[in-house]
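This report refers to the structure that appears directly beneath it.
The values are calculated or read from the model by the stated rules, or taken from the named source; none is laboratory data. None of these values were measured; they are calculated from a predicted model. Here the Cβ positions follow ideal geometry from the backbone for every residue, glycine too, while neighbour counts run over all protein chains shown. To get the accessible areas, we keep the full protein, side chains included, count just its heavy atoms, and leave off ligands, DNA and RNA. Shrake-Rupley method; radii C 1.70, N 1.55, O 1.52, S 1.80 Å.
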Amino acid sequence: MKPKLRVWVVFGNRLKFGDGRARLLELIDERGSLRQAAAELDMSYRNAWGYLQELEKAAGFKLVARAPEGTLRSGMRLTSNGREFLACYRAFQRSLDGAAARHFDRAFGGRTFGRRGARSIRPRRAAAR
């Protein structure tokens, strides 16, 4: 058993930036191509492009930029703001994962449930009033 958290950064009241969009940005930067990143995530190019446009509008800054045509690094890359935002998100996510693991260990203390011979948790009795 282990804990699993889902973490989002919410822009405005509705747009959530989570692991899926973070992975899309990472793949864009690694592959240098929105088309290749979308294909690797089994996502249509149109859907991925829509995600980026919606995200940039909500965030208020550019996350990706096209490289100039005819250069060795043509395609798409993260902007410096995009890289910094992604690094902050991943650091935030890692810190929450660490905290969750510590709290999980304190709460569950290595207990197992439903296995023969395993320790079980007995409900506490209500204190007498």
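Worth a mention:
- Solvent-accessible area, 1.4 Å probe, carbon plus sulfur percent, for segment 1-46: 45 percent
- Average projection, convex hull of the Cα set of segment 5-50: 3.6 square nanometres.
- Environment charge of residue 7, counting only residues whose C-beta is closer than 11 Å and scoring Lys/Arg +1, Asp/Glu -1: +3
- Of the trypsin sites (Lys or Arg not before Pro) found in segment 1-104, those that fall in a DSSP loop while having at most 12 other beta-carbon atoms within 10 Å are 4, 6, 14, 73.
- Residue 67 long-range amide H proximity, modeled H, under 5 Å: 75, 76, 77
- A straight line joining the Cα centroids of segment 1-16 and segment 22-44 runs 20 Å.
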